[in-house]
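Each reported figure results from applying straightforward, stated rules to the coordinates on display, with no laboratory input. This is a predicted model, so every value here is computed, not measured. With ideal geometry, Cβ positions are generated from the backbone for all residues, glycine too; neighbour counts draw on all protein chains shown.
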Amino acid sequence: MALTRLGLNQSINLATNTTGTLGVANGGTGLTSGTTDQILKFTGSTTLASAAQAAGGKLLQTQSALFTSQSAHNSETYTASNYTDQITPSATNSKIFVCFNLRSHIYQASGSTVRSQLAIYRQINGGGYSEFFPANGGTSWGIGVSSGERTMYYTPQITFMDTTHNTTNAVDYTLYARRNTSATGSVNVGGSSIQAQVILMEIAA
Amino acid sequence: MIDLIKLHKALEVLKPNVQWTLKDDTDSTSLTEDLYNNIGWVTGEDSNGIAITTNTCPHSEITWTKVKEEMDKL
């Protein structure tokens, strides 16, 4: 082995004047090459090796919308509220987590019962809305009393997983509301300065 | 935004159990004629269970003037 004494202000060309590898214990990797698109991983306390990257997370995208508007639904059939949001899935087999946070209130001057029904309607690629969750009946809430004027406030959270969209086109979710068919009175969503939020999350299959 | 219960009360005076819907995203605290003209009057139901509505009030008992008058009484 040839040895050369280095003088002051001289240096070793590491690219041409060294051989072998510098081990982990001395601050190196102990490697002469790696594998494209892989990462370094400790396979022992002083050993590094190429390894595949860890798989990505399951959450593919999120959408959200904030509202302060209100709407009245004094009908025995569903009518749309302002609360809506859209997501375009990146895969047909992904799942969409849907969450509506809102305030609703009902009023009745007299009678025996007042009930509100809320449901999330879904539309795919602008093809028209149909009731999606609950599949029928709606989320019902209300009050039954014998007499007297009554007002009731409620903050429902409607959450569910859409596993059947089967599309990469835009999907809309909108809150619909109505009065129960056996009820009278006023059914409302939102209110002055009352915030509501819709959150949509696409989750990988 | 307007008081939707007040509007309900006014409409109940003019035509009990009338079915209607209204989206209100205005800053106005009193009913304006523009907002009144946005009321959806329910006339039927489609095959998806969604109300069919019209912005032209089909009820002769209900007019903007009468609704305004009833609202002002409350």
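A few notes on this one:
- Ratio of the Cα radius of gyration of the protein assembly as shown to 2.2 N^0.38 Å, where N counts its residues: 1.69
- Summary value for chain B: 35 percent relative contact order, contacts being C-alpha pairs under 8 angstrom separated by 6+ residues.
- Computed helical MRE - 222 nm, the protein assembly as shown, DSSP H runs ≥ 4 contributing -39500 (n - 2.57), nearest 500: -2500 deg cm²/dmol
- Phi-based couplings in Hz for the range A:168-183 (Karplus 6.51, -1.76, 1.60; Gly and Pro marked x): 10, 8, 5, 10, 10, 10, 9, 7, 10, 9, 7, 8, 4, 4, 8, 10
- Peptide A:126-138 has a mean shielding of 1, counted as Cβ atoms of other protein chains within 10 Å of each residue's Cβ.
- Peptide-level mean, for B:23-36, of C-beta atoms on other protein chains within 10 Å: 2
- Degrees separating the helix B:64-73 axis from the principal Cα axis of chain B, which is the longest one: 50 degrees
- The three principal axes of the Cα atoms in the range B:4-73 give end-to-end lengths of 39, 27, 19 Å, sorted in falling order.
- Integer Hz, Karplus 6.51/-1.76/1.60 couplings in order for the range A:99-114, x for Gly and Pro: 9, 10, 10, 7, 10, 10, 9, 10, 9, 8, 6, 6, x, 10, 7, 9
- Under 19 Å from the Cα of B:K73 - aspartates and glutamates, other chains or at least 8 residues apart: A:E149, B:D3, B:E12, B:E33, B:E61
- Protection proxy ranking of A:184-190, A:89-95, A:38-44 - average other beta-carbon atoms within 10 Å, highest first: A:184-190, A:89-95, A:38-44
- Over the range A:48-205, relative contact order from alpha-carbon pairs under 8 Å, at least 6 apart, %: 46 percent
- Partner chain coverage, peptide B:44-50 - average Cβ within 10 angstrom: 6
- If you plug the beta carbon distance of A:T19 and A:S45 into 1/(1 + (r/R0)^6) with R0 = 22 Å, you get a FRET efficiency near 0.30.
- Backbone geometry of the range B:43-50 corresponds, through the Karplus equation with coefficients 6.51, -1.76 and 1.60 at θ = phi - 60°, to 3J(HN,Hα) couplings of 10, x, 9, 8, 5, 9, x, 9 Hz, x marking Gly and Pro.
- The range A:13-54: relative contact order in percent, alpha carbon pairs under 8 Å with at least 6 residues between: 29 percent
- In degrees, nearest ten, helix B:4-14 long axis to first principal axis of chain B (Cα): 80 degrees
- For A:T184, the residues whose amide H sits under 5 Å from its own are A:T113, A:R115, ignoring neighbours fewer than 5 places away on the same chain, with H placed 1.01 Å from N.
- Placing unit charges on the Cβ atoms of the charged side chains and taking the dipole of chain A about its Cα centre, the candidate lying farthest along the positive direction among A:Q86, A:G34, A:N166 is A:G34.
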